[in-house]
Amino acid sequence: MTKSLRKEFFMEIKKSVSRFISIMLIVTLGVAFFAGIRSSSPAMKDSADAQYDKENLMDIRVVGTLGLTETDLSKIREIDGVKEAEGSFTTDFICHVNSKEVVTKVISMPQSINDVKCTEGRYPEQYNECLASREFLEESGLKIGDYMTLKTGTSESIFDTLAAETYTIVGICSSSYFLNGNMGTATVGDGVVDGYVVIPKESFATTVYTSVYLTVDGAKQLNCFGDEYSNLINGVEEKLNEIAENRCEVRYSEVRSQTTELLTKASNKYNSKKAIAESELEKAYQELVDSEEVLNESKKIFEEKKKMLEDAETEIPLSKQRIAEARQTVEQLRKLRSAASVSAEKAESEALTYYNNWKNLAQNGAPEDQVKDAETKYNTLATLAAFYQKQVEDYTEKIDSATKEIEDGEKLINEVQSSLANKDRLLAETEKQISDAEIQLQRGKEQYEIAKQDAVDEFSDAELELRNAETRLNNMEVPEWHVLDRSSIESYASFLTDAQSIGALGTVFPLIFFLVAALVSLTTMTRMVEEQRTQIGTLKALGYSKTSIISKYIMYAFLASLAGCVIGVLIGEFTIPYFILRAYKMAYYNLKQTVVRLNVYSALAASVLAILCTCLASFAACYRELKSAAAELMRPKSPKVGKRILIERMKFIWDRLDFTQKAACRNLFRYKRRFFMTLFGVGGCMALLLVGFGINDSVSSMAKNQYGKIFKYDAVVSVDSTITRAGRRAMISDVQDITEITDFAQAHRSIIYSANNSKQIEDLKYAYLVVPNDAENFENFVAIQPRNGENRGIKNIINLVRGKGTDAATDGLVLGDDGVIITEKYAQLLNVGIGDSIFIRQSESDSACKEVKVSGITENYMFNYIYMSRSLYSYFYGEEPDSNILMIKFDSKADTSAAVDSILKITGITSATLNDEMLEDINSMTGRLVFIIIMMIVAAALLAFVVIYNLNNINISERRRELATIKLLGFYDDEVAKYVYRENIVLTVLGTILGVILGIILHRFVMNTVETDVYMFGRSLKILSVLISAVLTVIFSMLVNVIMYYKLRKIDMVESLKSVE
Amino acid sequence: MAFIELNDVVKTYKMGEVEIKAVDNITFPIEKGEFVVIVGPSGAGKTTVLNILGGMDTATSGTITVDGENISKFNDKELTRYRRDEVGFVFQFYNLIQNLTAAENVEMAAQIANNPIDPAKILGEVGLGSRAGNFPSQLSGGEQQRVSIARALAKNPKLLLCDEPTGALDYITGKSILKLLQDTCREKGMTVIVITHNTAITPMADKIVQIKNGQVDRILINAEPKPVEQIEW
């Protein structure tokens, strides 16, 4: 470069400061985003590593399935490369506070590794004092100075593990082992650890460590997220695995002998207890049989008495008739008697007459035969009279006896009637006595049955337990050591995932800015070269080489972009990681360190890319011009030729357009580069906004979908796992009595771990195994259906417009016995589809896994679930699943908190969780997304401004002459503006449409990237978000146009008179 | 009072500390239907006169009356209206909109005017009826200038201001354009003002205003203007 050219170069920069700055700014923007987001992930990792080093976090954790002994610990210490090793006790307990069940991890106070810091209060000094984590205190509502009592949550005694069950909280602690509230899963309670407490080591009653933590020599000097660190740790892990087998054999024989002894004792105790219970039951049964006999006897007597009375009743009319007949007989007899007495009197008087006659004759001595005759006559009549007399006497006697009979009969009837009058009362009384006795007997029987059933249940439970214990003992395998590194720490793993998500974001977002930066500098440089055509031609004519001419423009671009790079790197690398770290610290609240270093790699990468882009762009622009001959260059460049476009063929439309509309239409297609760039800039802006709002949509819809659409129940309560069958029956009837509850379902829920192959033992993915008692009714509580239609929201609107109503839920899946139904995210995690097999373990250290086919994949957003039928569960585990949860639906108008209170009062129910509460928690948690959304909006606004401003600027300067002409021709300012804006409006609309498509793709990518193992965000965007984004895009574009308006007004129309430069 | 009158028009530009008088006390009248040529060497102030007369710039002092209106008192908006309704411009470089066809370029002017003339008719009159559908790039320089004249006339203006209308054209074409302007003046009674440095064309004018150093040097009246065909340069 000659001296004069150099001078001209600096003059050029001075003269076109705004152009220089515009290139610089777009480069700044691109580089800041690129380098900033790229160095966010390292900054997150550096910060966490610093924190871990400071608090001496373990490098390796050894967990034994049967625990680790002091000997194990000393053997581990001997291993080369182990810096420190420390045994630790960790057990999960349950702490009940105000009818709330807090699943508590109890950890022994570390000496050096996994340092626990007391942030408030003091360290525990007594065996019954503890430090509590912030999460524990929040969950339980306790504070320093309060007492807390632990329960095992199983039938085991707490004193098997701990020396005390009640502890005084003396301080609040934090540990880098738990960077956030995710403390993993527990085997008690609802399976999720709510908080932890730290107690002195001597408070543990056992001598067998649950785990041994160790640190590795030289590990602290390395970043724990790097490969070097992994290699170092892997080396020590291998050595640990080498000694593991031997140690496990020793432990096995130890435990086996202990267990066998214990089991024998338990078995004896059970047998003696069973015998006693059985004899008691027998006695009760005999009593029942006796009382039943008595009852039957009295029933028989009652029946007889009843029969007699009824017989008597039927005889009364008969006796009455007989009496009436007897009366008639008496009457007849009386008549006969009076007739006989008349005849007797007549015969007597005749006899007297004959006697007298005979006597007379005899005295008078009437002939003998006359006397004899009279005597005979008299004798005959006397006999007759005596006969009659006798007859009268007979009748009298008969009458008397009949009368007596009548009297007797009447008396009897009276008696019978009076006794009949009392009959009903009597019978009723007797009957009641009998039925009372019967009820009593029935009750006795029922009680007996219940007692019997209870006893049977209890014994079968106990027997099962014994048998299980026996099987366990028989199946007891040689324990295993699990040698785990930091990735087994939940918060470490999720932090790493988050850091990687940000890293993944860093690969896509900055590219948009970079592309825009490249395009903008290309356009700007092309414009600059075009403007200086004549000058280039002159220089060429003067004999300057192409290189020296080109170097001016390349230097110009280089300096502008270099300045932009420096500013961009400084701003980007020191602000963006800082803000991202701050946002993540809200979630990882125990992360206190902030390490933001200049990331030389991404700074250089961004700078080199940016400088290359602009320099190449300017080279390309110059090169095209320089190919022309000098003479040609000195002549004005022939303006771009007007071209006919397609719409012109449609006369009926074209003829209706005025000339500005026509010009706008042609311009759109004339300046293709500008067309695509604006489209891209506006589209990018729209896409970024859509992603920003879309993140919010996805996260909020996740909770809403989960607790509205998928979980149709309102609350879930945990059932005490030690409950007896009788207790369960009582509990169920108590639940039924609560009026607010409209429906409920019982199910088994536990945590299981699985992988897509049987060999994998590390990095198993956990899920809730849910086994409903009633598979058919379960559909009313949890929607088991495939997710269909990505944008159901939009679909619904279309359907509404068509008057079809919203899309009804699709056909549910059927939970059969041929396989399990797993949730969508889980399928994705395990990388399995329908028909594939998954391998389930009951715990991470479970050595036996069950292979099961996936028969369906269901829509689900939060946490992972495996739904299994009852019979399949029994088939796998040889026992009925324990129904340890109730899913409850409330009346929509009911006071749910009151209902929860009454539920928690029921014996056998340990905790209740309202879905509404979960929803609230999640919604408040998603508040931190606001930051990301703001970042997106700012980025989008910047992008829109830079691109639209630049392009408009170029557009106006390119068409300066044309605009000056129409101004001179008498166009008012607003008419001139309209002439220019019409294109912008069309481009904005087209860009917005393109942005919707881009946004949907980008949104899906982002959501996929930032998702964690247990959440699946919604994939659909709300119409409202699209509208807001579109409105914002239009506003940004309009703002630029407003600024442009002043620029347009400043165009001097006299320019139109000048010759083309 | 004449149709157009410039009275003591002064225009000063400030270049930093220095004041430059581009136009210094110019006074001349123009009658309706006159063909006037304003002539002078480069830098004499011709363009400033054109700017002021065309309503693109305002005079520092003095009055400019056009058909009874004193345009020197006009604000921006009134000046725009004045340009829109009363002045037709013909540029040295035609200044056609590249993206519009000849007909559309004329329509563009007609659309904003108060009392426009049918664009098709005007194009026919300037002899381009058959090329109405062509884009400027498809036309020769002379044809483009004809479109430019048609565009100016379509507005039906009170005066036609032509800034070096032949400056970018060859001799023959230039002549034909001048002929068109002269014919327009004669046949339509249009007031035509041509600004040029080419003194050779002065014989065709009714009135010649010679400008030198920002002042009117001489005003010549041609009793018998020559037809264009007889002029040569």
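Enumerate lysine pairs in region A:51-196 that are 8 or more residues apart or on different chains, then count those whose Cα atoms are under 22 Å apart.
11
For the protein assembly as shown, just say rounded, prolate or oblate: build the C-alpha gyration tensor, square-root its eigenvalues into a ≥ b ≥ c, call rounded for a/c under 1.5, and beyond that prolate if a/b exceeds b/c, oblate if not.
Oblate, since a/c reaches 1.5 and b/c is not below a/b.
What GluC sites (Glu not before Pro) does region A:822-896 have in DSSP loop regions with at most 11 other beta carbons within 10 Å?
A:Glu879
Compute the Cα gyration tensor for region A:561-710, then decide on rounded, prolate or oblate, letting a ≥ b ≥ c be the square roots of its eigenvalues: rounded whenever a/c is under 1.5, prolate when a/b is larger than b/c in the other cases, and oblate in all that remain.
Verdict is oblate for region A:561-710.
Compute, for A:Thr260, the solvent-accessible surface of its heavy atoms (probe 1.4 Å) with the complete set of protein chains present, and express it in square angstrom to the nearest 10.
We get 60 Å² for A:Thr260.
Expressed as an acute angle from 0 to 90° and rounded to the nearest 10, what is the orientation of the C-alpha long axis of helix B:171-188 relative to the principal long axis of chain B?
For B:171-188 against chain B, the angle is about 80 degrees.
Please list B:Trp233, A:Trp481 in order of solvent-accessible area, largest first, computed with a 1.4 Å probe with all protein chains present.
B:Trp233, A:Trp481
Residues of A:815-825, mean number of Cβ from any other protein chain within 10 Å of their own Cβ, rounded to a whole number?
Rounded to a whole number, the mean comes out at 0.
Could you work out, residue by residue across B:99-105, how many beta carbons of other chains sit within 10 Å of that residue's beta carbon, and then give the average as an integer?
Numbers: counts 18, 7, 6, 0, 1, 7, 2.
Shielding by partners across B:99-105 averages 6.
Sketch the reach of a paramagnetic label on A:Glu313 as a point 7 Å from Cα along Cα-to-Cβ, and name the residues of region A:400-442 whose backbone nitrogen lies under 13 Å away.
Once the point is set 7 Å along Cα→Cβ of A:Glu313, A:417-428 turn out to lie under 13 Å by backbone N, inside region A:400-442.
Treat each spin label as a single point 7 Å out from the Cα along the C-beta direction, and report the A:Arg472 to A:Met650 distance in nm.
It is 7.8 nm.
Determine the gain in length on full extension of the stretch A:Lys15-A:Val97; use 0.36 nm per residue of separation and subtract their C-alpha separation, reporting nm with one decimal.
22.0 nm
Using modelled backbone amide H atoms (1.01 Å from N, in-plane), which distant-in-sequence or interchain residues come within less than 5 Å of B:Thr60's amide H?
The answer is B:Val10, B:Lys11, B:Thr12.
Order A:676-684, A:644-652, A:893-901, B:142-150 from most to least packed using the mean count of other Cβ atoms within 10 Å.
B:142-150, A:676-684, A:893-901, A:644-652
Can you pull out the buried accessible area for chains B and A, both sides counted, probe 1.4 Å, rounded to the nearest 100 Å²?
2800
What FRET efficiency, computed as 1/(1 + (r/R0)^6) with R0 = 35 Å and r the Cβ-Cβ distance, is obtained for B:Glu31 and A:Glu1055, rounded to the nearest 0.05? Present the calculation step by step, with values, prior to reporting the outcome.
Values: r = 32 Å, r/R0 = 0.91.
Computed FRET efficiency for B:Glu31 and A:Glu1055: 0.65.
Would you mind putting A:758-764, A:663-669 in packing order, based on average other-beta-carbon counts within 10 Å, highest first?
By packing density, highest mean first, the sequence is A:663-669, A:758-764.
Using θ = phi - 60° and the Karplus form 6.51 cos²θ - 1.76 cosθ + 1.60, what ³J(HN,Hα) does each residue of region A:272-281 get, whole Hz, x for Gly and Pro?
Per residue, the Karplus-derived 3J(HN,Hα) values read 5, 4, 5, 4, 4, 4, 5, 5, 4, 5 Hz.
Which whole-Hz ³J(HN,Hα) couplings does region B:20-27 yield from phi under the Karplus relation 6.51 cos²θ - 1.76 cosθ + 1.60, θ = phi - 60°, glycine and proline marked x?
10, 8, 6, 10, 10, 6, 8, 9
Based solely on its DSSP helices, what 222 nm [θ] is calculated for chain A when runs of n ≥ 4 H residues each add -39,500 (n - 2.57) and the sum is averaged over all residues, nearest 500 deg cm²/dmol?
Numbers: 25 runs with 654 residues, N = 1061.
Value at 222 nm, helices only: -22000 deg cm²/dmol.
Determine how large the accessible area of A:Arg527 is when every protein chain is in place; take a 1.4 Å probe and give Å² rounded to the nearest 10.
Here the accessible area works out near 40 Å².
Taking region B:1-58, which chymotrypsin sites (Phe, Trp or Tyr not before Pro) meet the DSSP loop condition and have no more than 16 other C-beta atoms within 10 Å?
none
Calculated FRET efficiency, A:Leu464 and A:Tyr589, Cβ-Cβ r, R0 35 Å, to nearest 0.05?
The pair A:Leu464/A:Tyr589 has a calculated efficiency of 0.20.
Between the chain alone and the structure with every protein chain in place, find the residues of region A:652-673 that drop at least 50 Å² of accessible area; heavy atoms, 1.4 Å probe.
Going by heavy-atom accessible area, the residues of region A:652-673 that drop by at least 50 Å² are A:Phe659, A:Arg666.
With the cut-off at 1.5 for a/c, could you classify region B:109-164 from its C-alpha gyration tensor as rounded, prolate or oblate?
It comes out oblate by the Cα gyration axes.
Given the options A:Phe574, A:Ile536, A:Tyr588, identify the residue whose Cα lies farthest towards the positive end of the charge dipole of region A:533-639 (+1 on Cβ of Lys, Arg; -1 on Cβ of Asp, Glu).
The one lying farthest along the dipole's positive direction is A:Ile536.
Got a sec? Which residues in region B:41-66 would a label at B:Val18 touch, if it sits 7 Å along Cα→Cβ and we count backbone N under 17 Å?
It comes to B:43-45, nothing else.
Which cross-chain or sequence-distant (5 or more) residues have an amide H under 5 Å from the amide H of A:Ile784, H modelled 1.01 Å from N in plane?
For A:Ile784, the qualifying residues are A:Leu813.
Name the long-range amide H neighbours of B:Gln215: under 5 Å, sequence gap of 5 or more, or other chain; modelled H, no Pro or chain starts.
Under 5 Å from the amide H of B:Gln215 lie the amide H atoms of B:Asp24, each far enough along the sequence or on another chain.
Averaged over peptide B:80-92, how many Cβ atoms belonging to another chain are found within 10 Å of each residue's Cβ?
Per-residue shielding by partner chains comes out at 4.
For the full complex of protein chains and a 1.4 angstrom probe, list B:Glu107, B:Glu229 by accessible area with the highest value first.
Greatest to least solvent exposure: B:Glu229, B:Glu107.
Compare the peptides A:880-887, A:973-980 by average per-residue count of other Cβ atoms within 10 angstrom and give them in order, highest first.
For the peptides A:880-887, A:973-980, the packing ranking is A:880-887, A:973-980.
Say a paramagnetic label sat at a point 7 Å from the Cα of A:Leu295, along Cα to Cβ; which residues of region A:415-443 have their backbone N under 19 Å from it?
Taking a point 7 Å out along Cα→Cβ of A:Leu295, the residues of region A:415-443 whose backbone N falls under 19 Å are A:428-443.
To the nearest 0.05, how large is the calculated FRET efficiency for A:Lys143 and A:Leu542 if R₀ is 60 Å and r is the Cβ-Cβ distance?
On the way: r = 86 Å, r/R0 = 1.44.
For R0 = 60 Å, the calculated efficiency reads 0.10.
Quick one: accessible area per residue over region B:4-230, 1.4 Å probe, rounded to a whole number of Å²?
Computed with neighbouring chains in place, this is 39 Å² per residue.
So how long is each side of region B:4-230 along the principal axes, counting just the alpha-carbon atoms, biggest first, in Å?
52, 42, 34
Simple spin-label model, 7 Å along Cα-to-Cβ: A:Ser349 to A:Ser628 in nm?
For the pair A:Ser349/A:Ser628, the computed spacing is 18.8 nm.
The values are calculated or read from the model by the stated rules, or taken from the named source; none is laboratory data. On a predicted model such as this, the values are computed, not experimentally measured, just so you know. All Cβ positions, glycine included, derive from the backbone under ideal geometry; neighbour counts span all protein chains shown. The area values use the complete protein model at the heavy-atom level, side chains included, leaving out ligands, DNA and RNA. Shrake-Rupley method; radii C 1.70, N 1.55, O 1.52, S 1.80 Å.
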